[in-house]
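Quick notes on the structure that follows.
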C-alpha cells in the first residue's frame, strides 16, 4: 500500500485535530490552589542583599530573615553581575548554615558548620576551640618566630630582605581591593611566595 506525502500530512492533521477535540471536550478534575496554608515561605521576612562567598565573581544574593533566622537565599535579580542567577555552588550556599533534618524533615542548623577557631596542639589528635583573640595572637607569634628564624638580608652581596619560609595563598572570596591590601602586607613582611586562588 502506497501513501503519498499529501495523504500522510492529511492523516497526521486529522489525528492531531481529533486528539485536540477529544481533549477539549472531556472533563478533567480541577485541582484548586491551596489557599489555606498555615504560613507562606517568605511571609513576615526581612530581605538583605549580600554577596556570594564562593568566588571573586561578586554575585549578588538576597537573604530572607525571619526572627533572626535565615529562611531563604536566592540570586538578586537587580544585581549587575549575576542578574538573579547563581551557579551550583552559590545556589547551595544556604546549606552552609541550615540543612534539612533527615528524621523530621525540618530545617535545622548545620551540625558540621565550624563557627569558632580550632587548634590541634602538638602530640594530640583532638581539635579544641579557642577564642578569636587567642587565634590571632598565636598566628602572629608563629609568623614572627618563623620570619625571625628564616629572614635573609643579603645574597651574593645583594640586599634582598625576604623570607622563603612563609607563603601567602589568598582565598577566592577576596575582591581586587582586598587582594591588593593582602599583597602589600605580605610584601612588608618580606614574603615573596604569593598566590591568589581566583578560580571557581
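Can you find, within the range 153-170, the residue that is surrounded by the most Cβ atoms within 10 Å (Cβ to Cβ) among those that are in contact with a strand residue (DSSP E or B) (Cβ under 8 Å, 6 or more places away or on another chain) and farther than 13 Å from residue 189 by Cβ? The qualifying residue surrounded by the most Cβ atoms within 10 Å (Cβ to Cβ) is 170. Within the span defined as the range 155-162, every residue fails to be at pLDDT 90 or above and closer than 30 Å to residue 61 by Cβ. The residues on offer are 133, 129, and the sole one that is over 29 Å from residue 72 (Cβ atoms) and surrounded by fewer than 10 Cβ atoms within 10 Å (Cβ to Cβ) is 133.
Among the candidates 140, 165, the residue that is in a helix (DSSP H, G or I) and free of Cβ contacts under 8 Å to residues at least 60 places away in the same chain is uniquely 140. Restricting the range 62-112 to residues that are in a loop (DSSP other than H, G, I, E, B) and either within 13 Å of the chain's Cα centre (by Cα) or crowded, with 16+ Cβ neighbours inside 10 Å (or both), the residue that is modelled with the lowest pLDDT is 97.
Of all residues in the range 138-150, none satisfies being surrounded by 11 or more Cβ atoms within 10 Å (Cβ to Cβ) and modelled with pLDDT under 90. Restricting attention to the range 1-53, the residues that are assigned to a loop (DSSP other than H, G, I, E, B), within 30 Å of residue 92 (Cβ to Cβ) and modelled with pLDDT of 80 or more add up to 4.
The values are calculated or read from the model by the stated rules, or taken from the named source; none is laboratory data. Just so we're clear, the structure is a prediction, and the values are computed from it rather than from any experiment. Glycine gets a Cβ as well: all are built from the backbone with ideal geometry, and neighbour counts include every protein chain shown.
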